[in-house]
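The values are calculated or read from the model by the stated rules, or taken from the named source; none is laboratory data. Remember, predicted model here, so these are calculated numbers, not experimental data. Every residue, glycine among them, receives a Cβ derived from its backbone with ideal geometry; neighbour counts consider all protein chains shown.
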Amino acid sequence: MNPDERPVSLEMEPEEMRRLGYAAIDALVDRAQGLRDDRPWQGGTRRELEPLFREDCPEEPGDADAVLRRAIDDILPRAGRIDHPRFFAFVPSSPSWAALLGDLLATGFNTFQGTWLESAGPSQVELVVLDWFRQWLGMPEGAGGLFTSGGSAANLGAVVAAREAAGHPERPVVYLSDQSHSSVERAARIAGFREEHLRRIPSDDGFRIDPAALDRALADDRAAGRTPVLVAANGGATNTGAVDPLPVLADLCEAHGCWLHVDAAYGGFAVLDPRGRAALTGIERAHSITLDPHKWLFQPYETGCLLVRDPADLTRAFRVLPEYLQDTDLGFEQVNFADRGLQLTRAFRALKVWTALQVHGRRAHAEAIGRALDLAIEAEAMLRAHPGVEILSPASLGIVCFRLRPEGAVPQADEAALEALNRAVQDAVVDEGTAMMSSTRLRERYALRLCILNHRSTRDDVRAVVERIAALGRERMELARG
Ligand SMILES: Cc1ncc(COP(=O)(O)O)c(C=O)c1O
């Protein structure tokens, strides 16, 4: 055959497609079954990994079974198991199988969720799921938004929409708290705000923004001819789970004519539990809310969400209709989600959420959140039972921060030694595979932090970690005493 006429194909025979697809599903189910007995985290240095994976891109076809095995055995396990029941670091994510299947279907159908013309059914379902969220949060009818890649993208959307709503002022100000997630500052930077446009308002002893300081800053800026654009409040701060005083902030924003954004990326779905609902009172008055279903609604990455009181604020900020998309302009009732955010080409993220909620129902999701809230409270109680542990911030929306502080340790003078002790215990817990946990700094103090959101975590998981931390602390102190 003339080489020029060689058939070009990226196809597989149907039987091969099925066989490989089933093998991939089998690997995922095996992983899920074995997760609890596996390590919560596995890493590797660049120096270790380069020789394992550095290679030229293959010119010729490979053996598909071997390729998948390599991904399953060699690449994917060298990472955190974020959904491990004892992964308590950063912000965990524990997708349900139903959600994963929804994601798989959305990927397989290769839905283009940017315009109604190309995805009518999926776009309608996105509207419906967003409206479920709106109802859970208590936002007014008509509020809506879009699914995003995550909380960072949602925060960016909020900042851009707020600036547009404020009329693109010449001297804008964005207010955040000293506990705001870094993505808020990054969003402001991307949107063109410079350091002089940012006001970092201090938080109180409970890590909640100080409303009096915010009030003063808003008034001072107005008096000086600057325009407050957005107040970014926390609906579950990443450090401690703190929730800002949302009703007071809503009043302040109303009084000063400023957009209130609540970054509830990880904490927002706690509204499904009565205690979370109470903690987040006032969230419904926000102009915009960031939510991350891939955090506490048991969805796989990348599933973020931005809700705004008036979706037209997003459209005003983001809509551009070029001539090559004129066919997609079907009137505003047929929502083109590309008009509401950064992405034109978008995945059908709402399908996984819809699938999980249809399969398990809202109540099971609410109960899983409630159980995580219980476990964090129990973790705090277990920690308090150890005399050598100091709670640095009590359980709030699944997060508790603490440190080992052996009796007799003098607070200020011993800071460096305390940090070394806590860091060493944290490293040991992670290295030996008991749990994955991470640290933070609270008022300059090194803090260990447990973030308990996983629907598979149990009291025994929490107890195992707490007891191990306490035991390692005791061992190290005894060693130090000689
Ligand atoms: C409060 C808060 N906001 C925003 C983000 C950023 O979200 P993402 O990582 O999905 O972009 C996080 C992530 O942990 C968060 O906890």
Identify the single condition in (1) within 14 Å of the ligand (Cβ to nearest atom); (2) not polar (S, T, N, Q); (3) not in a strand (DSSP E or B) that Asp327 does not satisfy, given that it satisfies every other one.
(1)
Quick test for you: out of Thr458, Thr440, pick the one residue that is surrounded by fewer than 20 Cβ atoms within 10 Å (Cβ to Cβ) and in contact with a Cys (Cβ under 8 Å, 6 or more places away or on another chain).
Thr440
If you check Thr315 against the conditions, is it assigned to a helix (DSSP H, G or I), among the hydroxyl-bearing types (Ser, Thr, Tyr) and not assigned by TED's automatic domain parsing to the domain that holds Asn454?
yes
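With the structure loaded, tell me whether Ala89 is in a helix (DSSP H, G or I) and of a type in the set (A, V, I, L, M, F, W, C) or whether it fails that test.
On the way: in a helix (DSSP H, G or I): no; of a type in the set (A, V, I, L, M, F, W, C): yes.
Judged against the criteria, Ala89 is not a match.
So that you can scan it fast, the table gives a plain yes or no per residue for (1) within 16 Å of the ligand (Cβ to nearest atom); (2) closer than 13 Å to Arg340 by Cα:
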residue	(1), (2)
Thr111	no, no
Trp116	no, yes
Val129	no, no
Phe133	yes, no
Leu137	yes, no
Leu146	yes, yes
Gly150	yes, no
Arg163	no, no
Gly167	no, no
Residues (out of contact with any strand residue (DSSP E or B) (no Cβ under 9 Å at 6 or more places or on another chain) and either closer than 23 Å to Pro247 by Cβ or aromatic (Phe, Trp, Tyr) (or both)) located in the stretch 155-209
Asp204, Asp205
Can you tell me how many residues in the stretch 173-192 are surrounded by fewer than 19 Cβ atoms within 10 Å (Cβ to Cβ) and of a type in the set (Val, Ile, Thr)?
1
Scanning the stretch 147-173 for residues that are within 18 Å of Gly268 (Cα to Cα) and in contact with an Asp or Glu (Cβ under 7 Å, 6 or more places away or on another chain) gives Phe147, Ser149, Gly150, Gly151, Asn155
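Within the stretch 293-331, can you find the residues that are surrounded by fewer than 21 Cβ atoms within 10 Å (Cβ to Cβ), under 30 Å from the mean Cα position of the chain (by Cα) and not polar (S, T, N, Q)? I'd like the intermediate steps shown before the answer.
So the first thing to find is which residues in the stretch 293-331 are surrounded by fewer than 21 Cβ atoms within 10 Å (Cβ to Cβ), and the list is 301-302, 310, 312, 315-316, 318-331.
Those still in the list that are under 30 Å from the mean Cα position of the chain (by Cα) too: 301-302, 310, 312, 315-316, 318-320.
Once the filter is applied, which keeps residues that are surrounded by fewer than 21 Cβ atoms within 10 Å (Cβ to Cβ), under 30 Å from the mean Cα position of the chain (by Cα) and not polar (S, T, N, Q), the stretch 293-331 yields Tyr301, Glu302, Asp310, Ala312, Arg316, Phe318, Arg319, Val320.
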Quickly run through the stretch 336-354 and pick out the residues that are within 22 Å of Leu137 (Cα to Cα) and surrounded by fewer than 24 Cβ atoms within 10 Å (Cβ to Cβ).
Trp354
Which of the residues that make up the stretch 169-205 are assigned to a loop (DSSP other than H, G, I, E, B) and away from the ligand (no atom under 15 Å from the Cβ)?
Pro169, Glu170, Arg171, Ala191, Gly192, Phe193, Arg194, Pro202, Asp204, Asp205
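Whether any residue in the stretch 401-418 is crowded, with 22+ Cβ neighbours inside 10 Å, at positive phi, modelled with pLDDT of 95 or more and in the same structural domain as Met477 (by TED's automatic domain parsing) is what I want to check.
The initial filter retains those residues of the stretch 401-418 that are crowded, with 22+ Cβ neighbours inside 10 Å, namely 401-404.
After this cut, where a residue has to be at positive phi as well, the list is none.
No, there is no match, as no residue in the stretch 401-418 is crowded, with 22+ Cβ neighbours inside 10 Å, at positive phi, modelled with pLDDT of 95 or more and in the same structural domain as Met477 (by TED's automatic domain parsing).
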Could you grab the pairs with beta carbons closer than 8 Å, sequence gap of 6+ or different chains, first residue in the stretch 13-37 and outside the structural domain of Ala435 (by TED's automatic domain parsing), second one outside any helix (DSSP H, G or I) and of a type in the set (A, V, I, L, M)?
Leu20/Met12
Residue list for the stretch 41-56, restricted to those being in a loop (DSSP other than H, G, I, E, B) and under 28 Å from Val429 (Cβ atoms):
Gln42, Gly43, Gly44, Thr45
Within the stretch 196-206, the residues that are out of contact with any helix residue (DSSP H, G or I) (no Cβ under 7 Å at 6 or more places or on another chain) and closer than 19 Å to Ala286 by Cβ are Ser203
Of Glu195, Glu164, which residue is surrounded by fewer than 23 Cβ atoms within 10 Å (Cβ to Cβ) and either under 14 Å from His261 (Cβ atoms) or among the β-branched types (Val, Ile, Thr) (or both)?
Glu164
Test Phe133 against the criterion of being in contact (Cβ under 8 Å) with a residue 24 or more places away in the chain, under 28 Å from Asn454 (Cβ atoms) and outside the structural domain of Leu272 (by TED's automatic domain parsing), and give yes or no.
no
